[in-house]
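Working notes for the structure below.
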Amino acid sequence: MDSKIFANLDYDAVKYLLSVDDDIQIRELLGAARQTRDSLIGNKVFIRGLIEYSNLCSKNCFYCGIRAGNNKVLRYEVPEDEVLKAAVFAWKNNYGSLVLQSGERSDSAFTSRISELIRKIHLVTENNLRITLSCGEQHEEIYRKWFDLGVKRYLLRIESSDPALYHRLHPRNAKHSYYKRLEAINSLIRIGYQAGTGVMIGLPFQTMDDLAADLFFIRDSGVHMVGMGPYIEHADTPLFKYKDTLSPPEKRVELSLKMIAILRLLRPEINIASSTALQTLDPQGREKGLLAGANVMMPNITPVTYKKNYDLYEGKPGLHDEPADCGRSLAECIRSAGCELAYGEWGDSAFYIKEKGDTE
Ligand code: 5AD
Ligand code: SF4
């Protein structure tokens, strides 16, 4: 492959790279992404402890196992003392930051509880831990309130940047509007959050054009962080009936790695997570994500009793691992990918720091 292709990534080049099938070419692509990461932002991997706070959700996305319409799910909300214990665990283990994730709810009982948790997490960790929220679409004033409480990072995946595909993956109603979601991402950026987005890869109906467009969407959206990974079918969801149209798991992993690598080349300074979904389809998935240019890992520190019920897709790994076990295998994984674990660092996105510098 002519290495000049990496310096001029237009739409056709991106589509070409997404479709390369030859092992040597794929290795060249992933190597170029790794080199770009190492030379521009270094080989440090930032750690965010992931707390799956609640699987209660008011939405009905067609791909997701905890959608409101799935009545087989045992619903939970992790009690406050257990959330705080997990936060202290993350702090004491030098994770630097945590992600509080939940299904999407906008009732005031929920949003107030999140506000309360934010205050208490800051208190028990003596302001040493950065919090990222991943609690779906909310009114701008709620985003502002959480920002004012000291949360400076928010994850909200667009899932697919193509409105037509988005609407094939969600019920057609106001609660699942592509434009509302887009507006929510823009409002996070406007408020000043380090905002993250992402897509699922290998979805039914998804084409290489969709994925190329996703990459340019992410590049141009102004987000500072990205989490994206393979789509994984779940038997209790409407999309399951298309499972025979999916490419095999190893191909979805390969495609996800190519997406990570191309994004690293398109936006070298953003934080890119090596997703749990990658690890679900491939035991070495998380290392492979780092080898493709990712620089963030999100070990799951949800108390084991609740973990199994945060059942987005099938085959989620480490369901019975205690948080401490997750931590150990994480260090090994990072070392084996030739990276350095960033102990106790908050891990702001270099793209965010650069942008902020430009405007100040
Ligand atoms: N496969 C892969 N990822 C999924 N998510 C939800 N369901 C699935 C699935 N079946 C992802 C979505 C969501 C994130 C929390 O989990 O991208 O934003
Ligand atoms: Fe709810 Fe998120 Fe699942 Fe959609 S993807 S059903 S919003 S938890």
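The values are calculated or read from the model by the stated rules, or taken from the named source; none is laboratory data. Please read all numbers here as calculations on a predicted model, not as lab measurements. Reconstructed Cβ throughout: ideal geometry from the backbone, glycine too, with neighbour counts over all protein chains shown.
Assess whether Y143 counts as being modelled with pLDDT of 95 or more, more than 17 Å from V226 (Cβ to Cβ) and of a type in the set (S, T, Y). Spell out how you get there, then give the answer.
Working: modelled with pLDDT of 95 or more: yes; more than 17 Å from V226 (Cβ to Cβ): yes; of a type in the set (S, T, Y): yes.
Yes: the conditions hold for Y143.
Look through S102, S108, S54, S112 and report the one residue that is of a type in the set (S, T, N, Q), within 16 Å of ligand 1 (Cβ to nearest atom), farther than 30 Å from E269 by Cα and at pLDDT 95 or above. Outline the logic, then answer.
Values: S102 fails: farther than 30 Å from E269 by Cα; S108 fails: within 16 Å of ligand 1 (Cβ to nearest atom); S112 fails: within 16 Å of ligand 1 (Cβ to nearest atom).
So the residue among S102, S108, S54, S112 that is of a type in the set (S, T, N, Q), within 16 Å of ligand 1 (Cβ to nearest atom), farther than 30 Å from E269 by Cα and at pLDDT 95 or above is S54.
Name the helices (runs of 4 or more DSSP H) wholly within segment 269-334 that hold at least 3 residues that are surrounded by fewer than 21 Cβ atoms within 10 Å (Cβ to Cβ)? Please lay out each step first, then the result.
Values: elements: 276-281, 285-291, 304-307.
Fully inside segment 269-334 and qualifying: 304-307.
Restricting attention to segment 143-158, report how many residues are more than 16 Å from ligand 2 (Cβ to nearest atom), part of a loop (DSSP other than H, G, I, E, B) and of a type in the set (D, E, K, R).
1
Kindly check whether there is at least one residue in segment 292-312 that is modelled with pLDDT under 95, within 21 Å of I201 (Cα to Cα) and of a type in the set (D, E, K, R).
yes
Within segment 40-51, can one find any residue that is within 16 Å of ligand 2 (Cβ to nearest atom) and either in contact (Cβ under 8 Å) with a residue 24 or more places away in the chain or on the phi < 0 side of the Ramachandran plot (or both)? Write out each step before concluding.
Filtering segment 40-51 down to residues within 16 Å of ligand 2 (Cβ to nearest atom) leaves 50-51.
Going one step further and asking which of them are either in contact (Cβ under 8 Å) with a residue 24 or more places away in the chain or on the phi < 0 side of the Ramachandran plot (or both), we end up with 50-51.
Scanning segment 40-51 turns up at least one residue that is within 16 Å of ligand 2 (Cβ to nearest atom) and either in contact (Cβ under 8 Å) with a residue 24 or more places away in the chain or on the phi < 0 side of the Ramachandran plot (or both).
I want to confirm something. Restricting to segment 115-135 and keeping residues that are within 16 Å of ligand 1 (Cβ to nearest atom) and out of contact with any helix residue (DSSP H, G or I) (no Cβ under 8 Å at 6 or more places or on another chain), which single residue is farthest from C64 (Cα to Cα)? Steps first, please.
Of all residues in segment 115-135, those within 16 Å of ligand 1 (Cβ to nearest atom) come to 132-135.
Within this subset, residues satisfying the condition of being out of contact with any helix residue (DSSP H, G or I) (no Cβ under 8 Å at 6 or more places or on another chain) are 132, 134.
On the way: T132: 21, S134: 15 Å.
The residue in question is T132.
Can you tell me which of (1) within 16 Å of ligand 2 (Cβ to nearest atom); (2) touching a residue at least 60 places away in the same chain (Cβ under 8 Å); (3) surrounded by 19 or more Cβ atoms within 10 Å (Cβ to Cβ) is the one S54 doesn't meet?
The failed condition is (2).
Looking at the structure I just gave you, is A235 within 16 Å of ligand 1 (Cβ to nearest atom) and touching a His at 6+ places or on another chain (Cβ under 9 Å)?
Working: within 16 Å of ligand 1 (Cβ to nearest atom): yes; touching a His at 6+ places or on another chain (Cβ under 9 Å): no.
No.
Under the condition of being surrounded by 24 or more Cβ atoms within 10 Å (Cβ to Cβ) and away from ligand 2 (no atom under 16 Å from the Cβ), which residue from segment 203-232 is farthest from the chain's Cα centre (by Cα)?
L211
What are the residue pairs meeting all of these: first residue in segment 223-238, first residue in a helix (DSSP H, G or I), second residue within 11 Å of ligand 1 (Cβ to nearest atom), Cβ atoms under 6 Å, and 6 or more apart or on different chains?
Short answer, once both residue conditions are applied: P238/F62.
Quick check on segment 80-122: of everything there that is touching a Cys at 6+ places or on another chain (Cβ under 7 Å) and small (G, A, S), which residue is surrounded by the fewest Cβ atoms within 10 Å (Cβ to Cβ)?
Here the answer is S102.
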